[in-house]
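Down below is the structure, laid out as structure tokens.
The values are calculated or read from the model by the stated rules, or taken from the named source; none is laboratory data. Predicted, not measured: the structure shown is a model, and the values here were computed from it. In this analysis, Cβ positions are derived from the backbone assuming ideal geometry, glycine residues included, and neighbour counts consider all displayed protein chains.
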Amino acid sequence: MNNLLDIHEIKKNYITDKEEIEAIKSISFSVKKGEIITLVGSSGCGKSSLLSIIAGIDHATNGSFQFHKENPIIGYMLQNDALFPWLTIYQNALLGLKIQKKNTKENQEYVKKLFKTYNLEEFMNKYPKELSGGMKQRVALIRTLAIKPDILLLDEPFSALDYQSRLAVSDDVFKIIKREKITTIMVSHDIAEAISMSDRIVVLSKRPCYVKKIYDIYLTNKQNPIENRKAKEFADYYNKIWKDLDIFV
Amino acid sequence: MSEEAKKIIKKKKQKKYFIIFAQLFIVITFFIGWEILAKAKVINPFIFSSPSRILKTIYELILSGELWIHIYTTLYETILAFIIGISCGFIIAILLYEFPTLAKIIDPFLTMINSLPKVALGPIIIIWAGANTNSIIVMALLINLIVSILNIYNGFLGVDETKIKLLKSFGANKIQILKHLIIPESKRTIISSLKINISMTLIGVIMGEFLVSKKGIGYLIIYGTQVFNLTLVMAGILVLIVLSFLIYEVVSFIEKKLSTDR
């Protein structure tokens, strides 16, 4: 697999009124085309900051990252669905296209197709409040996919859902990503979710974070996130990552 | 529907009617009591007037056509100051939101002006803006503008950061963020500030009319005081109560129509 993205010694410091806080010490890793890579680390370790930097919303204090593609399109999915309540879910899905001035008939058809593929066609004219949490998250994904991203950044996209919806939606999202063959960087603090969805896992240290370890995930009979949890290697990965994270309760 | 549910709904309705009845009872008792006390000379009708005298004065003002002129003047000034206040408040709030340093610089000045009793500026306003409608509009603006700015600006600040981040991830510029998110998301705050603003504007207009005017309900009240015609003063106050209630209801209606937010 070719690399789509190389991240080289990214460093991030935040400057407050009184002090300078080091959020990311140094992070380097590569992202291969078509893979799902998950950044795992404790809360507040700097995982989301890294995604913001890659998405171009924030700047790194030092270091660089390079896409091996000209003008890559980046899709960013956030912790909550961030759907606009005054728009229908179809209008919500077109938001990115409108901002990027790509709201063409052809793209609208593509969005409609996405709704159809993900069984949300009959809800297209509903408003977000009329949908369940899981459905809203799927709409958020359609909104991200609408701009046809080269890379997908998922910032704890299931954290706002209850456990059952979380499993179901992560399963759906996994299938969608694999079907569309989109390179994905996901941030999660849920080890099980990370193992069940990823091709590789980057374990980050506590703040200021650095890469502690990178795991290639090999699961026997790799299928979908729910089934993957039953793989015999699952518990072993879980224990190793748990140890790496050095979590004290 | 179950019997239990029917009982609860019936109880709720009864409570609602009881509240309306109690409100009407208070108003009617107040006016009847006032009338009786004035007729029996328990209270001095020259100072306290009486409902019948007030109604007679209002009737005479209607017959002479004078009342409509005063209502029209106050309404015109209120609507004008209200529109200017909301429009300027909206534009200034956008500027403050887009330029946070500017917001920080003028924050203490806004607080200072907001806490200042505006009537103290009355004499200066008359000299600067002239002894005419301009002074009344300026007085009303002094009262409603700061409230508008602060309400709308705080609405902007309350917008969900995640949504801003989302739009930025799509590459949205400041104007797109404003158009697609900040303004629609703050719609509710802006609409609810209309109610506060209309009340503030009316206060400003009446204060302005007290200081400088030849027409308007404020003028009617101050003129009544000057000639010691307290019945006229109270007639003015009664008209003002009805007028402010009607204006408030109209704004509430507009608010309901506009806030069909999903």
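Contact annotation: residue pairs with Cβ atoms under 8 Å, 6 or more positions apart or on different chains, pairing a residue in the range B:199-210 that is in contact (Cβ under 8 Å) with a residue 60 or more places away in the chain and within 13 Å of B:HIS70 (Cα to Cα) with a partner that is part of a helix (DSSP H, G or I) and of a type in the set (Asp, Glu), are B:VAL205/B:GLU77; B:GLU209/B:GLU77.
Filtered by the rule that a residue be touching a helix residue (DSSP H, G or I) at 6+ places or on another chain (Cβ under 9 Å), exposed (fewer than 15 other Cβ atoms within 10 Å of the Cβ) and closer than 30 Å to B:THR73 by Cβ, the range B:89-112 gives no residues. For B:ILE191, the criteria (1) closer than 30 Å to A:THR144 by Cα; (2) out of contact with any strand residue (DSSP E or B) (no Cβ under 7 Å at 6 or more places or on another chain); (3) within 14 Å of chain A (Cβ to nearest Cβ) hold in every case but one, which is (1).
Would you pick out the residues in the range B:25-71 that are part of a loop (DSSP other than H, G, I, E, B) and of a type in the set (Gly, Ala, Ser)?
If we filter the range B:25-71 for residues that are part of a loop (DSSP other than H, G, I, E, B), which is where we start, we get B:40-44, B:49-50, B:65.
Across the range B:25-71, the qualifying residues are B:ALA40, B:SER49, B:SER50, B:GLY65.
In this structure, is B:ILE126 over 17 Å from B:GLY85 (Cα atoms), in contact (Cβ under 8 Å) with a residue 40 or more places away in the chain and assigned to a helix (DSSP H, G or I)? Spelling it out, B:ILE126 is indeed over 17 Å from B:GLY85 (Cα atoms), in contact (Cβ under 8 Å) with a residue 40 or more places away in the chain and assigned to a helix (DSSP H, G or I). Would you mind stating whether A:TYR90 is modelled with pLDDT of 90 or more, aromatic (Phe, Trp, Tyr), buried (at least 16 other Cβ atoms within 10 Å of the Cβ) and out of contact with any strand residue (DSSP E or B) (no Cβ under 9 Å at 6 or more places or on another chain)? Here the answer is yes, as A:TYR90 does meet what is asked.
Only one of the listed residues (B:LYS174, B:LYS165) is touching a residue at least 60 places away in the same chain (Cβ under 8 Å) and basic (Lys, Arg). That residue is B:LYS174. Taken together, the criteria place B:ILE164 among residues that are among the β-branched types (Val, Ile, Thr), assigned to a helix (DSSP H, G or I) and surrounded by fewer than 20 Cβ atoms within 10 Å (Cβ to Cβ).
Having 2 or more residues that are at pLDDT 90 or above and among the small types (Gly, Ala, Ser) is the bar; report the strands (runs of 3 or more DSSP E) wholly within the range A:1-44 that clear it. Write out each step before concluding.
Numbers: elements: A:3-15, A:20-32, A:36-40.
Hits in the range A:1-44: A:20-32.
The criterion of at least 2 residues that are of a type in the set (D, E, K, R) is met by the following strands (runs of 3 or more DSSP E) wholly inside the range A:152-238: A:209-216. Of everything in the range A:197-211 that is at pLDDT below 90, surrounded by fewer than 24 Cβ atoms within 10 Å (Cβ to Cβ) and of a type outside the set (S, T, N, Q), the residue that is nearest to A:SER28 (Cα to Cα) is A:TYR210.
Residue-wise test of (1) acidic (Asp, Glu); (2) away from chain A (no Cβ under 14 Å); (3) surrounded by 19 or more Cβ atoms within 10 Å (Cβ to Cβ); (4) in contact with a Phe, Trp or Tyr (Cβ under 7 Å, 6 or more places away or on another chain).
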| position | (1), (2), (3), (4) |
| --- | --- |
| B:ALA172 | no, no, yes, no |
| B:GLU185 | yes, no, yes, no |
| B:LYS215 | no, yes, no, no |
| B:TYR223 | no, yes, no, no |
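Per the conditions (1) over 19 Å from the mean Cα position of the chain (by Cα); (2) at pLDDT below 90, the sole criterion not satisfied by A:TYR238 is (2). Just give me the residues in the range A:59-105 being of a type in the set (Val, Ile, Thr), more than 10 Å from chain B (Cβ to nearest Cβ) and part of a loop (DSSP other than H, G, I, E, B), in sequence order. Within the range A:59-105, A:THR61, A:THR104 meet the criteria. Among the residues examined, A:LEU141 does not qualify as of a type in the set (A, V, I, L, M, F, W, C), closer than 24 Å to A:ARG229 by Cβ, part of a strand (DSSP E or B) and modelled with pLDDT of 85 or more.
The set of residues from the range A:194-217 being within 22 Å of A:GLY134 (Cα to Cα), without any contact (Cβ under 8 Å) to a residue 60 or more places away in the chain and not hydroxyl-bearing (Ser, Thr, Tyr) comprises just one member, A:ILE195. Out of all the residues in the range B:151-161, which are surrounded by fewer than 19 Cβ atoms within 10 Å (Cβ to Cβ) and either in contact (Cβ under 8 Å) with a residue 40 or more places away in the chain or part of a helix (DSSP H, G or I) (or both)? The answer is B:ASN154, B:LEU157, B:GLU161. Of the listed requirements (1) in contact (Cβ under 8 Å) with a residue 24 or more places away in the chain; (2) closer than 30 Å to B:ILE164 by Cα; (3) of a type in the set (Lys, Arg), B:ARG53 misses just one: (2).
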